[in-house]
Amino acid sequence: MRGLMALDKFRAAPLPNPPTQWDPQYMRQVIRVLETYFSQLDSRTPNNAQQYTADFFYGSGIHLTFPYGQFQSNTDQTAAAVSTAYAITFDTSDFLDGITLSSGSRLTVPVAGVYSVNYSIQLKNTTNDAQDVDIWFRKNGVDIPNTNSRFSAVPRKSAGAASHLIASTPIMIELAAGDYIQLMWHVTNIGVSIEHLPAVTAVPGTTPAIPATPSVIVQVEFVSEIM
């Protein structure tokens, strides 16, 4: 249901009474009144309103709320079989406002709307060949059509040096209140995994300090109501 918003006790200035004959001065007065009225509405906090009420304040602007969430995984994730799709899991909540994480992989939204979702996944390939990785979305346990992205991980550099690839795709998804989404993945070879890298301590003359690399980061943000 769309929220109703009102400016309590907001009053427009009364228009002057019209003359019996055409009068340019009267038109100038009307225009000034209308300009004043709309300039108040266009301001970030209309200054003739005593308070603001709404079912929900979701949208852009000061003191309004966008449901959003950012989640990450700080563990390695592997596929046991090429014949199976796996849900990508998260173990850390970075920023939260309305979006919730449950069952390790389910991201649930509090209100209906169009949501922007973006992910960054650190892939590792330990095989001698290029391997494909499919990543897509499910809503309430059902695959969402046309949401898959295929990434190709190049062969490893050497026996002790895997190749790495960041998989990232932005997408917009229409969701109802209480819907949950999941990120799914599938590989053509189980030698491809999702890898977390620990922080690197600085070694003078060798390497700078490098922050830890999450295996997965995902962001979910409310964009607008469903029109």
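The values are calculated or read from the model by the stated rules, or taken from the named source; none is laboratory data. Treat the numbers as computed from the prediction; the structure is a model and nothing was measured. Glycine gets a Cβ as well: all are built from the backbone with ideal geometry, and neighbour counts include every protein chain shown. Accessible surface areas use protein heavy atoms only, side chains included; no ligands, DNA or RNA. Shrake-Rupley method; radii C 1.70, N 1.55, O 1.52, S 1.80 Å.
Here is how the numbers come out for the structure above:
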read-out: Point-charge dipole on Cβ atoms (K/R +1, D/E -1) for region 80-227, about Cα centre, debye to 20; value: 460
read-out: Net length gained if the chain between Thr207 and Ile190 were fully extended (0.36 nm per residue, minus Cα distance); value: 3.0 nm
read-out: Spin-label pair Asp76/Ser149, simplified geometry with 7 Å Cα→Cβ offset, distance in nm; value: 2.4
read-out: Candidate residues Glu225, Glu195: accessible-area rank, largest first, probe 1.4 Å; value: Glu225, Glu195
read-out: Residue-wise HN-Hα coupling along region 201-206, computed from phi with Karplus coefficients 6.51, -1.76, 1.60 (Hz; x: Gly, Pro); value: 7, 4, 10, x, x, 10
read-out: For Ile99, distant residues with modelled amide H under 5 Å away; value: Tyr68
read-out: Nearest-10 value in Å² for the accessible area of Arg28, using the 1.4 Å probe; value: 120
read-out: Area accessible to solvent at Val220, 1.4 Å probe radius, in Å²; value: 0
read-out: Ordering of 148-156, 107-115, 206-214 by burial proxy (mean other Cβ atoms within 10 Å per residue, highest first); value: 107-115, 148-156, 206-214
read-out: Karplus-derived HN-Hα couplings along region 221-227 (A = 6.51, B = -1.76, C = 1.60, θ = phi - 60°), whole Hz, x at Gly and Pro; value: 9, 5, 10, 6, 5, 7, 8
read-out: Accessible surface ranking that places the most exposed of Met27, Met172, Met227 first, with a 1.4 angstrom probe; value: Met227, Met172, Met27
read-out: Accessible surface of Asp94 - all protein chains present, 1.4 Å probe, nearest 10 Å²; value: 50
read-out: Ranking by accessible area, most exposed first, for Lys139, Lys157 with a 1.4 Å probe; value: Lys157, Lys139
read-out: 3J(HN,Hα) from dihedral phi, region 109-120, Karplus parametrisation 6.51/-1.76/1.60, rounded to Hz, x for glycine, proline; value: 9, x, 9, 5, x, 8, 10, 8, 10, 9, 10, 9
read-out: Carbon and sulfur %, accessible surface of region 94-227 computed with the full protein complex present, 1.4 Å; value: 56
